[in-house]
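J.: Take a look at this one; I'll ask things after.
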Amino acid sequence: MMSGSVMSNPKIHCNKKDMDTLLLFKQGLTDPSGMLSSWISNLDCCQWTGVKCHNITDHLEVIDFLDKDDKSHCLTGTLSLSLLELQSLSYLNLSNNNFKFMQYTSMYGNSTNLQYLDLSLKISHLTSLQYLNLGGVYLHKDIDWLQPVTMLPSLKELHLKCCELENIYPYLQHANFTSLQVLNLADNRFMFELPNWLFNLSCEISRIDLSQNQIHSQLPKSLPNFKSLESLVLCGNNLKGPIPSWLGQLEQLQELDLSHNLFSGPIPTSLGNLSSLIKLMLESNVLNGNLPVELGQLFKLETLRVSNNPLTGIVSEKSLRSLRNLKNFSLSSPFLIFDFDAKWVPPFQLLNVELGYLRDKLPAWLFRQSSLKYLTIRDSTASFEPLDMFWNFTTQLEYISLENNTINGDMSKVFLSSKVVWLVANNLRGGMPRISPEVVVLHLRNNSLSGSISPLLCHNMRHESNLVYLDLSYNNLSGELTDCWNNWKSLVLINLRFNNLTGEIPRSLGSLSNLRFLYLKSNKFFGKVPFSLRNCKNLRILDLCRNNLSGVIPTWLGQKVEGLELRSNQFSGNIPTQLCQLRSLMIINLASNKLSGPIPNCLQNITAMNFSNSVTRTFKFTLNYPGLSVQISCSIHLLIKGNELPYFDVMNAIDLSSNNLSGSVPLGIYMLTGLQSLNLSHNQLIGTIPNEIGKLQQLESIDLSSNNLSGEIPQSMSALHFLGVLNLSFNNFMGKIPAGTQLGSTNLSYIHNPDLCGPPLTKICPPDEHPNNKKSIRGDDSDDDKFQVHSWFHMGLGMGFAAGFWGLLGTVFFNRKCRRAYFKFLNRISYFVIQKINSITEM
């Protein structure tokens, strides 16, 4: 057992968040031997029994409850693996205990650095364990996870969702589960065929979830031993072939989800025998055939979702007239024809409906759904006229999502009262609508709304607002930003990017104590950043890019700020050293301003950019309300060679380009071992690149062009294996370019360094210079040439965000592998272009 001596009145060293997590973990345990007696709040948790902390950061690294010399210690009770939220935890050994229940529930939504989880050494002794949930815990790809859990005779539920498992043992014939009822292996990395053991289970399995993997092959043709099966979820795989008819023989089946696969053929008519089917989801399959009328035989069907299929044929009341218990319905296909009788009265009352690719008019029966609470219509050219009747109908809804339709309606007289109002890209026009205090999310992005924002925010409200999320970006709003923000103190996110708003940023924004994300990018704001924003203690992202703001860089930013975006303004003066105190800062973008003086020599104090803390992070959080879960996530946009790419995993980035910065690049920057993008181009920097740059092993992009840097390019740069973009042009570097694939992809990275030689330049380094190859790529130093090359290499960072709702929206994700391939592709394109320019110049 790892332990430490308990000192009298010790100084508290361990991280408070780590301590609170451990105390929460302790609450659910029974400790008859007093093994955790040292776990008390007035003692340093780094000195607690079984705990070891990092000797520099004091963050908790190891929890080890295994004592090889004394096996009498035994923890029992309910084990909550919330301790896996410990960001620096690398070793967790919970073996040699007897937990009745085990569950992992995320407290903060953060990922961990957990490298090794030992639950198998004594797992066969957990004979009473009935419930095991390790969802979100990284289990090594080579771990034998199946054999240990089959040795638990009382195990009824096994949840290994999002564990990055790769081996599903496809050729194993039998798995000896004796009591298992629920098996959840969703969101892993299975790329094999469906396993044989799954269809040979002898236990009375009731729920199977293998969704969101890459499993291929077909479902078996014969009926498996699924007599008690109530739920079969296989969505988000690569399953193909026909949907087997034996599904119609599963009398207990309540949920069937085969969506997002490659199934072909029609929906089998045998499904009409499923008298107790509750959920049928066949979204995004490749089915060849019409929507069968036989579905109308499912009298007890409550949820029917067949949207996002290339289904063909005609959908009419004949397809739905027998579904008397239908509560949830989704249907969309560009090849379907909706042909409902305008006078038809459905036998059901829906709670949730999702429709897509509607033509001509909305179905008349829709307006007869008096119990409807959730409405989604997408990708439709159908008329929403008469609009007054439609908007009046929506007042009964709790959730409305209209996206990529052609509504073309004036919103100035519309009243919106749903908790979630998601009206994106519908060509809505006119002034701002009015909203009720019940609205939690208001998303009107990418429409044609115009005029002032005041009618929305400055009207008298009798009750306190619940608005958390406000997105009016990509519209034509104008005028000054209202000073009525005192009425909207529940706001967490404000996005007004890409409008024509002007004036000074109002001081009343500082009254929003819950504000975490503020996006005012690409407007016409001027003046100074109001000092009142210091009151927004929870602010995580401040994006004021592309305005006309002036004054000095704010020094009052709170400790929670993670992204500072002030690009393309008129800020002047020095970069304040106070930024070095913001240890959570991951993005510093001060490009294209009028900043001068040296780069602060303290940036190494920003610990969020250190390698030890550079796990994958995202700007997101979830807001839970009765019947509603709202997830807000942000992206980073990397602008490089004229291409802006969104990233939903947070990059560590510094962009100080296009200013008047002088002096040498401080050595502290090269100590930020988690740094992924560095842009110091277009300044007056001097000095050399130190060998320490080789420590930036995570670096993907670096631009030091258009400065007065000199000396040799250090050989250590060839060890930057993730480097996809490099620009050292327009400096005074000398000597031979180091060898390395990432350093030699294009000569455009080195032009206008007269004393550089070696590949990819044509200038040969002495003494290897050949008489026929004396011509250098140095070329003409005219301003036009320099501007042309700069336009190719102008790069910077920008931030944006995306918001989604749990179970509704997906995201576009660019991972590191994709980034590197994309960057190298751009470099190859640039190489051929510069070669063409050189050939034209020589002519």
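J.: Among (1) surrounded by 21 or more Cβ atoms within 10 Å (Cβ to Cβ); (2) at pLDDT 95 or above; (3) touching a Gly at 6+ places or on another chain (Cβ under 9 Å), which single condition is ASN569 missing?
T.: (3)
J.: Only one of (1) at pLDDT below 95; (2) surrounded by fewer than 16 Cβ atoms within 10 Å (Cβ to Cβ); (3) within 19 Å of ILE494 (Cβ to Cβ); (4) not hydroxyl-bearing (Ser, Thr, Tyr) is not met by LEU557, so which one is it?
T.: Against the list (1) at pLDDT below 95; (2) surrounded by fewer than 16 Cβ atoms within 10 Å (Cβ to Cβ); (3) within 19 Å of ILE494 (Cβ to Cβ); (4) not hydroxyl-bearing (Ser, Thr, Tyr), LEU557 comes up short only on (2).
J.: Any idea which of LEU533, LEU542 is without any contact (Cβ under 8 Å) to a residue 40 or more places away in the chain, out of contact with any strand residue (DSSP E or B) (no Cβ under 7 Å at 6 or more places or on another chain), open to solvent by less than 20 Å² (accessible area, probe 1.4 Å) and not in a loop (DSSP other than H, G, I, E, B)?
T.: Numbers: LEU542 fails: out of contact with any strand residue (DSSP E or B) (no Cβ under 7 Å at 6 or more places or on another chain).
After ruling out the rest, the residue left standing is LEU533.
J.: Further question on the same structure: Can you tell me which residues in the stretch 507-530 are in contact with a helix residue (DSSP H, G or I) (Cβ under 7 Å, 6 or more places away or on another chain), in a loop (DSSP other than H, G, I, E, B) and either among the β-branched types (Val, Ile, Thr) or open to solvent by less than 20 Å² (accessible area, probe 1.4 Å) (or both)? Give the derivation first.
T.: Residues of the stretch 507-530 in contact with a helix residue (DSSP H, G or I) (Cβ under 7 Å, 6 or more places away or on another chain): 507-513, 530.
Keeping just the survivors that are in a loop (DSSP other than H, G, I, E, B) gives 512-513, 530.
Once the filter is applied, which keeps residues that are in contact with a helix residue (DSSP H, G or I) (Cβ under 7 Å, 6 or more places away or on another chain), in a loop (DSSP other than H, G, I, E, B) and either among the β-branched types (Val, Ile, Thr) or open to solvent by less than 20 Å² (accessible area, probe 1.4 Å) (or both), the stretch 507-530 yields LEU512, PRO530.
J.: State all residues of the stretch 698-720 that are open to solvent by 10 Å² or more (accessible area, probe 1.4 Å) and under 35 Å from the mean Cα position of the chain (by Cα); if no residue qualifies, say none.
T.: Within the stretch 698-720, GLN698, SER706, SER716, SER718, ALA719 meet the criteria.
J.: Please go through the stretch 466-506 and pick out each residue that is polar (S, T, N, Q), at pLDDT below 95, open to solvent by 30 Å² or more (accessible area, probe 1.4 Å) and within 26 Å of ASN427 (Cα to Cα).
T.: none
J.: Just to check your reading of the model, which residue among LYS327, LYS343, LYS300 is modelled with pLDDT under 80 and on the phi < 0 side of the Ramachandran plot?
T.: Numbers: LYS327 fails: modelled with pLDDT under 80; LYS343 fails: modelled with pLDDT under 80.
Of the residues listed, the single one that is modelled with pLDDT under 80 and on the phi < 0 side of the Ramachandran plot is LYS300.
J.: Specify the residue that is nearest to LEU397 (Cα to Cα); the eligible residues are those in the stretch 307-322 that are out of contact with any helix residue (DSSP H, G or I) (no Cβ under 8 Å at 6 or more places or on another chain), among the aliphatic types (A, V, I, L, M) and open to solvent by less than 50 Å² (accessible area, probe 1.4 Å).
T.: Initially, the stretch 307-322 is screened for residues out of contact with any helix residue (DSSP H, G or I) (no Cβ under 8 Å at 6 or more places or on another chain), giving 307-316.
After this cut, where a residue has to be among the aliphatic types (A, V, I, L, M) as well, the list is 311, 314-315.
Narrowing further to those that are open to solvent by less than 50 Å² (accessible area, probe 1.4 Å): 311, 315.
Values: LEU311: 29, VAL315: 25 Å.
So, considering only residues that are out of contact with any helix residue (DSSP H, G or I) (no Cβ under 8 Å at 6 or more places or on another chain), among the aliphatic types (A, V, I, L, M) and open to solvent by less than 50 Å² (accessible area, probe 1.4 Å), the one nearest to LEU397 (Cα to Cα) is VAL315.
J.: Oh, and also: Could you tell me how many of the residues in the stretch 199-247 are surrounded by fewer than 17 Cβ atoms within 10 Å (Cβ to Cβ) and either more than 26 Å from ASN167 (Cβ to Cβ) or among the small types (Gly, Ala, Ser) (or both)?
T.: 10
J.: Determine if the stretch 572-595 includes at least one residue that is open to solvent by 10 Å² or more (accessible area, probe 1.4 Å), within 21 Å of GLU480 (Cα to Cα) and of a type outside the set (D, E, K, R).
T.: The answer is no, given that none of the residues of the stretch 572-595 is open to solvent by 10 Å² or more (accessible area, probe 1.4 Å), within 21 Å of GLU480 (Cα to Cα) and of a type outside the set (D, E, K, R).
J.: Could you look through the stretch 664-688, keep only residues that are open to solvent by 30 Å² or more (accessible area, probe 1.4 Å) and not in a loop (DSSP other than H, G, I, E, B), and pick out the one that is farthest from ASN610 (Cα to Cα)? Lay out the reasoning, then the answer.
T.: Of all residues in the stretch 664-688, those open to solvent by 30 Å² or more (accessible area, probe 1.4 Å) come to 664, 667, 671, 673, 682, 684, 686, 688.
From what's left, not in a loop (DSSP other than H, G, I, E, B): 664, 667, 671, 684, 686.
Values: SER664: 22, LEU667: 14, MET671: 8, GLN684: 27, ILE686: 25 Å.
Per the stated criteria, the residue is GLN684.
J.: Is there a residue in the stretch 375-393 that is within 19 Å of LEU449 (Cα to Cα), without any contact (Cβ under 8 Å) to a residue 60 or more places away in the chain and in contact with an Asp or Glu (Cβ under 6 Å, 6 or more places away or on another chain)?
T.: no
J.: Ok, one more. Run SER418 past the list (1) among the hydroxyl-bearing types (Ser, Thr, Tyr); (2) without any contact (Cβ under 8 Å) to a residue 40 or more places away in the chain; (3) closer than 23 Å to ARG378 by Cα; (4) open to solvent by 10 Å² or more (accessible area, probe 1.4 Å) and report the number of the one that doesn't hold.
T.: (4)
J.: Residues to consider are ARG534, ARG540, ARG516, ARG546; find the one that is closer than 27 Å to MET609 by Cα, touching an Asp or Glu at 6+ places or on another chain (Cβ under 8 Å) and of a type in the set (D, E, K, R). Working first, answer last.
T.: Values: ARG534 fails: touching an Asp or Glu at 6+ places or on another chain (Cβ under 8 Å); ARG516 fails: touching an Asp or Glu at 6+ places or on another chain (Cβ under 8 Å); ARG546 fails: touching an Asp or Glu at 6+ places or on another chain (Cβ under 8 Å).
Only one candidate qualifies: ARG540.
J.: Would you check if ASN547 is under 22 Å from ASN659 (Cβ atoms), modelled with pLDDT of 95 or more and touching a Pro at 6+ places or on another chain (Cβ under 8 Å)? If you could, list the steps in order and put the result at the bottom.
T.: Working: under 22 Å from ASN659 (Cβ atoms): yes; modelled with pLDDT of 95 or more: yes; touching a Pro at 6+ places or on another chain (Cβ under 8 Å): no.
Against the criterion (under 22 Å from ASN659 (Cβ atoms), modelled with pLDDT of 95 or more and touching a Pro at 6+ places or on another chain (Cβ under 8 Å)), ASN547 does not qualify.
J.: Only residues in the stretch 174-202 that are touching a residue at least 12 places away in the same chain (Cβ under 8 Å) and on the phi > 0 side of the Ramachandran plot count as the first member; pair them with residues that are among the charged types (D, E, K, R) and open to solvent by less than 40 Å² (accessible area, probe 1.4 Å), Cβ under 7 angstrom, at least 6 apart or cross-chain, and list the lot.
T.: Pairs that qualify, where the first residue is touching a residue at least 12 places away in the same chain (Cβ under 8 Å) and on the phi > 0 side of the Ramachandran plot and the partner is among the charged types (D, E, K, R) and open to solvent by less than 40 Å² (accessible area, probe 1.4 Å): there are none.
J.: Need the failing condition index for GLY758 against (1) at pLDDT 90 or above; (2) surrounded by fewer than 23 Cβ atoms within 10 Å (Cβ to Cβ), just the number.
T.: Condition (1) is where GLY758 drops out.
J.: When you go through (1) exposed (fewer than 15 other Cβ atoms within 10 Å of the Cβ); (2) within 18 Å of SER412 (Cβ to Cβ); (3) of a type outside the set (S, T, N, Q) one by one for HIS463, which number turns out not to apply?
T.: (2)
J.: Return the total of residues in the stretch 55-79 being within 21 Å of ASP20 (Cβ to Cβ), in a loop (DSSP other than H, G, I, E, B) and at pLDDT below 80. Working first, answer last.
T.: Looking only at the stretch 55-79, we keep the residues that are within 21 Å of ASP20 (Cβ to Cβ), and these are 57-65, 75, 77-79.
Restricting the remaining residues to those that are in a loop (DSSP other than H, G, I, E, B) gives 57-59, 65, 75.
Going one step further and asking which of them are at pLDDT below 80, we end up with 57-58, 65, 75.
Result for the stretch 55-79: 4.
For (1) farther than 19 Å from LEU146 by Cβ; (2) part of a loop (DSSP other than H, G, I, E, B); (3) in contact with a His (Cβ under 7 Å, 6 or more places away or on another chain); (4) at pLDDT below 90, each residue gets a yes or a no:
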{"position": "ARG189", "(1), (2), (3), (4)": "no, yes, no, no"}
{"position": "LEU198", "(1), (2), (3), (4)": "no, no, no, no"}
{"position": "LYS221", "(1), (2), (3), (4)": "yes, yes, no, yes"}
{"position": "PRO224", "(1), (2), (3), (4)": "no, yes, no, yes"}
{"position": "LEU229", "(1), (2), (3), (4)": "yes, yes, no, yes"}
{"position": "LEU232", "(1), (2), (3), (4)": "yes, no, no, yes"}
{"position": "GLY241", "(1), (2), (3), (4)": "yes, no, no, yes"}
{"position": "PRO266", "(1), (2), (3), (4)": "yes, yes, no, yes"}
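J.: Next question. Would you point out which residue out of LEU416, LEU423, LEU397, LEU428 is closer than 27 Å to PRO310 by Cα and either modelled with pLDDT of 95 or more or of a type outside the set (Lys, Arg) (or both)? Can you show your working first?
T.: Values: LEU416 fails: closer than 27 Å to PRO310 by Cα; LEU397 fails: closer than 27 Å to PRO310 by Cα; LEU428 fails: closer than 27 Å to PRO310 by Cα.
When all the criteria are applied, what remains is LEU423.
J.: Here is a further query. Would you point out which residue out of LEU661, LEU726 is outside any loop (DSSP other than H, G, I, E, B), crowded, with 21+ Cβ neighbours inside 10 Å and in contact with an Asp or Glu (Cβ under 9 Å, 6 or more places away or on another chain)? Full working, then the answer.
T.: Numbers: LEU661 fails: in contact with an Asp or Glu (Cβ under 9 Å, 6 or more places away or on another chain).
Within the list LEU661, LEU726, the selection yields LEU726.
The values are calculated or read from the model by the stated rules, or taken from the named source; none is laboratory data. Fair warning: this is a prediction, and the values are worked out from it, not measured in the lab. All Cβ positions, even for glycine, are placed from backbone atoms using ideal geometry, and neighbour counts span all protein chains on display. The protein model used for the area step is the full one, side chains on, heavy atoms only, and it has no ligands, DNA or RNA in it. Shrake-Rupley method; radii C 1.70, N 1.55, O 1.52, S 1.80 Å.
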